[in-house]
Every structure is written in C-alpha cells, then in structure tokens.
Amino acid sequence: GVTVNNIAPGVILTGRSRGILADPVYAAKVMDQIPMSSFGKPEDIAELALLLCGDRSRYITGADIPVDGGMHL
C-alpha cells in the first residue's frame, strides 16, 4: 500500500545553510535553540528517508517526523 509521511528537518548543514550560519553571532543564537547542541547533516535526513521507503516502515503512515536535534521541543 501507499504510505504518506513527512520529514521535518531542522537546521541541516548544506551549502545554503553554511552561508547563513557563517555569522558566528547568528549561528550561536540558532545553536542555543537546539538541545543536542549540533546542526544536522544531510545524512541524518537521508537515513530516515531510506527507512521510510523500505519494508521496515510498512506500518508507519501519517507521521510528521522532526529531525531537528530537539529544536521543536
């Protein structure tokens, strides 16, 4: 069957975000909002996407999954 889920990324280090986070004052303000005290990596999103595309997640649907180091808390 078809499942529909949402990956809700937080601050993920990409070319675009690295430019924005180059300002150390701004980067520190953002980091203060992340309980895990680190920015995400593209691999963090990719691993979840692979899980959701496979048979191991066949019974997961309608989920909104934050990948944000706890920023949403």
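Worth a mention:
- Descending principal axes extents, the chain, alpha-carbon based, whole Å: 47, 25, 15
- About its Cα centre, the dipole of the chain is roughly 100 debye, where the only charges are +1 on Lys and Arg Cβ and -1 on Asp and Glu Cβ.
- The stretch 2-15 - phi-based ³J(HN,Hα) in whole Hz, Karplus 6.51/-1.76/1.60, Gly and Pro as x: 9, 10, 10, 9, 10, 9, 10, x, x, 7, 10, 6, 10, x
- By other beta-carbon atoms within 10 Å, ranking ILE45, ILE20 with the fewest at the front produces ILE20, ILE45.
- Karplus-derived HN-Hα couplings along the stretch 19-31 (A = 6.51, B = -1.76, C = 1.60, θ = phi - 60°), whole Hz, x at Gly and Pro: x, 5, 7, 5, 6, x, 5, 5, 4, 5, 5, 5, 4
- For ALA63, the amide hydrogen comes within under 5 Å of the amide hydrogens of ASN6, counting only partners 5 or more places away or on other chains and with H modelled in the peptide plane.
- Once backbone amide H atoms are built at 1.01 Å from N, GLY10 has VAL67, ASP68 as its partners under 5 Å, excluding neighbours fewer than 5 places away on the same chain.
- The shape of the stretch 32-73 comes out oblate: with a ≥ b ≥ c from the C-alpha gyration tensor, a/c is at least 1.5 while a/b does not beat b/c.
- Tilt relative to the chain, helix 42-53 - C-alpha long axis, 0 to 90 degrees, to 10: 10
- Computed over the chain: relative contact order in percent, which uses C-alpha pairs under 8 Å that are six or more apart: 55
Only the coordinates and a few stated rules stand behind these numbers; no lab work does. Small disclaimer: the values here were computed from a predicted structure and weren't measured. Neighbour counts run over all protein chains shown; Cβ positions are idealised from the backbone, glycine included.
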